[in-house]
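For reference, the structure discussed in these notes is given below.
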Amino acid sequence: MSLPTPESTAARGGPAWLVAARQDAANWLATSPAPSSSAEVWRYSPIDDLDLGVFLPGATGTQARTLGGLEGIGVRIDAAALLAGASDVDGVSVSSLSAHPEGAVLLGSAAPADEFVAALSLASIDDGIVIDVPRARLSSTPIVIVHNLAGGVQARRTIVRAAPGSSVTVIEAWVGGGDTTLSAPVTELLVDDGAHVAHASIQLLDDASWHLGTVKARVGRDGVVTQLTAGLGAAYDRCRTDVTLAGQGASSVLRSTYLGTADQIHDLRTHQIHEAPRTTSDLLCKGAVTGDSRSIYTGLITMRHGASRADANQTNHNLVLSDGAHADSVPNLDIAENDVRCSHASTVGPLDEDQRFYLEARGIEPVDAERLLVRGFFTDLLERSSIIGARGVVGEVLDERLEGAGLR
């Protein structure tokens, strides 16, 4: 495995604190064991096949797709172009991480987290985006960030800070890529007391790319984070979504979906962490696999001591639409507080035969009945998301991929 070196990370340039953070991450990678599917965090994944030497910097990726569902929704920002300067969107500051006065603090400690993806991302980062929402600012204009990737290890960092009583919607889309592209982005959502952040992560990379994404949220008292994640492209698509409900009355809503075709692998890991009283989290993940594709869902609800009257729900439903497809679903609970409510459920299987029979008994051809049921499966998930702009583009791409798989 060809890992980043301190010398190669320094060549990326940037302020001294950013160079130092990259170098420390590269040193950590050099002295740490390679990730393995024998570890629980990589269970069922193809991480043993990862060869970083394949992902050559500067190689040309595929042309980015048009995002018709996002046209006319909010303000669209090209991530690479933004790094040349700052902008203001409906009273919300959007700037580069390297030029931000608090950039070094926002990036975090120079020592990387004890996790391979976080260290690889930090060692490979060129720059990042910081979105600052002022106190009590209720932004009605969604901010759409398009990450158009070429070859090499592409590590984008997005940090959203919502001050008390504010609200903002941020939609990120990953497009382009190719067989020399490994995307390792990290998004951090810092939601202060009484603030509301809506965030969507839409992965639409070329089907030969690798994507190792991380979304982390921390929510203060009475704050709300609403998320939608969709994995539709890439050969191996991994999204780790962690939310920490740190203040009393904080809440989280996560809707997630994926569609696997050909030999794709979609891998979703979630962690709902309740630290404070009367916090709530609601997670619904619905995905489908066909052809020879696979999916992995691993979810954990953690109830820390002191999280009394907390309420957490976790549901994962998987459709297996061909004999060669496979889905794994592993829900988990870790409870250290008595006065809480937790529920988790998962299903893996083909289309409901009773529903299919109901449609066919009313004269609908079998192939049309199957298409209606599959489309309805995804429509139900999207209609439960309040991020309308993101719902549009995800629905559009789902239709395209279902049609390509003969399921629309």
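Dividing the summed helix terms, -39500 (n - 2.57) for each DSSP H run of n ≥ 4, by the number of residues in the chain produces a 222 nm estimate of -6000 deg cm²/dmol to the nearest 500.
Here the stretch 352-408 has an Rg and Dmax of 12.8, 37 Å, counting Cα atoms alone.
Note on the chain: GNM, Cα springs under 10 Å; of N338, N316, N27, the largest mean-square fluctuation is that of N338. The stretch 133-205 and the stretch 329-408 have their alpha-carbon centroids 25 Å apart.
Its Cα gyration tensor gives the chain an equivalent ellipsoid, and the semi-axes of that ellipsoid, as √(5λ) in whole Å with the largest first, are 32, 26, 22. Note on the chain: GNM, Cα springs under 10 Å; of V253, V170, V374, the largest mean-square fluctuation is that of V374.
Which percent, nearest 5, of DSSP beta bridges in the chain are antiparallel? Show your work: numbers first, answer last.
Details: 7 of 136 bridges.
Roughly 5 percent of the DSSP beta bridges within the chain come out antiparallel.
Short-range pairs are left out: with C-alpha atoms under 8 Å and at least six residues apart, the relative contact order of the stretch 271-390 is 25 percent.
Take every pair of alpha-carbon atoms less than 8 Å apart whose residues are at least six positions apart; their mean separation over the length of the stretch 352-408 yields a relative contact order of 35 percent.
At 0.36 nm per residue, minus the direct Cα-Cα distance, what do E102 and V41 gain on full extension? Give it in nm, one decimal, please. Show your work: numbers first, answer last.
Numbers: separation 61, 0.36 × 61 = 21.96 nm, distance 3.20 nm.
Full extension of this stretch gives 18.8 nm more.
Compactness of the stretch 245-352, taken as the C-alpha radius of gyration over 2.2 N^0.38 Å, stands at 1.19. For the chain, with the dipole built from +1 on Lys and Arg beta-carbon atoms and -1 on Asp and Glu ones, taken about the Cα centre, which of S32, T181, T290 lies farthest toward the positive end? Of the listed residues, the answer is S32. The alpha carbon centroids of the stretch 264-317 and the stretch 218-244 are separated by 10 Å. When the Gaussian network model of the chain links Cα atoms closer than 10 Å, the mean-square fluctuations of A217, A200, A136 top out at A136.
Averaging the sequence gap over all C-alpha pairs within less than 8 Å and six or more residues apart, then dividing by the number of residues, gives the chain a relative contact order of 11 percent.
Values in this text are rule-based calculations from the coordinates and carry no lab data. Everything numeric here is computed off the predicted structure, so don't read it as measured data. Every residue, glycine among them, receives a Cβ derived from its backbone with ideal geometry; neighbour counts consider all protein chains shown.
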